[in-house]
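A short write-up of the structure that comes next.
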Amino acid sequence: MSVVIAPLSRANLGGHFHGFGLRTEAELISPFIGVDHYWMDAPTFGPHQHAGISAVSYLLPDSETGMANRDSIGTQNVIQPGGLHWTTAGRGVVHEEVPVETGKKVHGLQIFVALAPSNRDIAPFPLILEAQDVPVMQEPGAKVRVPLGSYREMRSPLSPPTEVTMLDISLEEGAELSVSIAAGHCMFAMPIDGTVEVEAQRFNREDLKLPVFPAQNTPREVKLRAPQGSANVVLFSGPPLPFF
């Protein structure tokens, strides 16, 4: 099975924000543009604009506090641990996200997703998924949360403008899980906590790398395992989008 190893980079801003960022060749991870896995315990980024893309915030369930979100189209809400907020920027939106309680760590993922050319100039709008509404499937030794897309018969209630799947997978030590990649979809696996084995290769966030499976014409199965201790990994997949 074809796999590409993509690098992760470290980020550290002022002692109150640190994390790991994925930025790689666009054609490898399209429709995704990049992903930041971060911890933040104080306001870090002031109001800022996005346009022509979607910006998605997912708080991991172990986040110590929520994230207060507000934007220029009148949205004001709190993203709770385990919840997701999808901002379709379209022709442009300004937003800001700050921890609800300064000093407590928000642990999350910031995901940037491409829009099809026909959607890049649409009016901006949000999609909100509360933590309690995220579908969850229990497998032997594994728990799979489905904030976006689908896993087996479980499907997220959100219908975003770009077709993507995101699976938040927790594995007990020694547990194995097989995940399907649809024909024509890319997939990559971001290690969040612990060591995860992906197709017999081990990955840990401190290794500053992750596996990418470029889109192919046939469906595939990817095997995950937690070889030493429990592990948390988030899988991202979707069909590539044209760039122009």
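Where a number appears in this text, it was derived from the coordinates with a stated rule and is not lab data. Just so it is clear, the structure is predicted and the values come from calculations on it, not from any experiment. Counting neighbours? That spans all protein chains shown, and the Cβs are built from the backbone with ideal geometry, glycine included.
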- Taking the square root of 5λ for each eigenvalue of the C-alpha gyration tensor of segment 163-244, the equivalent ellipsoid has semi-axes, largest first and in whole angstrom, of 23, 13, 10
- State to the nearest 20 debye the size of the charge dipole of the chain about its Cα centre, where the only charges are +1 on K and R beta carbons and -1 on D and E beta carbons. 360
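Residues with beta-carbon under 12 Å from that of Ala175, excluding Ala175: net charge, scoring Lys, Arg +1 and Asp, Glu -1?
Details: positive: Lys143, Lys223, Arg225; negative: Glu139, Glu172, Glu173, Glu176, Glu197.
Neighbourhood net charge equals -2.
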- For segment 1-67, what is the largest minus smallest coordinate of the Cα atoms on each principal axis, given in angstrom and ordered from greatest to least? 41, 26, 24
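Quick one: pull the percentage of alpha-carbon pairs in segment 107-206 with a separation above 22 Å. Could you put the intermediate results ahead of the total?
Details: 1912 of 4950 pairs.
For segment 107-206, the share of Cα pairs beyond 22 Å comes to 39 percent.
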- Reference-scaled alpha-carbon Rg (2.2 N^0.38 Å with N residues) for segment 92-148: 1.57
- Item | Phi to ³J(HN,Hα) by Karplus 6.51 cos²θ - 1.76 cosθ + 1.60 over segment 225-241, Hz, x for Gly, Pro | 8, 9, x, 8, x, 6, 8, 10, 9, 10, 9, 10, 8, x, x, x, 10
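Based on the Cα atoms of segment 64-120, what semi-axes does the equivalent ellipsoid have, where each is the square root of 5 times one gyration tensor eigenvalue, given in whole Å with the largest first? Numbers along the way, then the final one.
Values: eigenvalues 118, 34, 13 Å².
Square roots of five times the eigenvalues give 24, 13, 8 Å.
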- Message: Given contacts defined as C-alpha pairs under 8 Å and at least six residues apart, what's the relative contact order of the chain, whole-number percent?
- Response: 20
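What per residue convex hull volume, in Å³, do the alpha-carbon atoms of the chain yield? Don't skip to the end; give the middle numbers.
On the way: hull volume 28.6 nm³, N = 244.
Dividing the Cα hull volume of the chain by its residues yields 117 Å³.
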- Note on the structure: Computed, not fitted: 222 nm per-residue ellipticity of the chain from DSSP H runs ≥ 4 (each -39500 (n - 2.57)), nearest 500, equal to 0 deg cm²/dmol
- Message: With the cut-off at 1.5 for a/c, could you classify segment 32-137 from its C-alpha gyration tensor as rounded, prolate or oblate?
- Response: prolate
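Provide the packing ranking of 161-171, 33-43, 200-210, i.e. peptides ordered by the mean count of other C-beta atoms within 10 Å per residue, highest first. Walk me through the numbers on the way to the answer.
Working: 161-171: 22.2, 33-43: 19.2, 200-210: 15.6.
Those peptides, ordered most packed to least, come out 161-171, 33-43, 200-210.
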- If the chain between Ala183 and Thr75 were fully extended at 0.36 nm per residue, the gain over the current Cα-Cα distance would be 35.2 nm
- Give, in nm to one decimal, the length gained when the segment between Arg120 and Arg23 is fully stretched (0.36 nm per residue of separation minus the Cα-Cα distance). 32.8 nm
- Message: Please report the spacing between the Cα centers of segment 168-244 and segment 101-147 in Å, no decimals.
- Response: 17
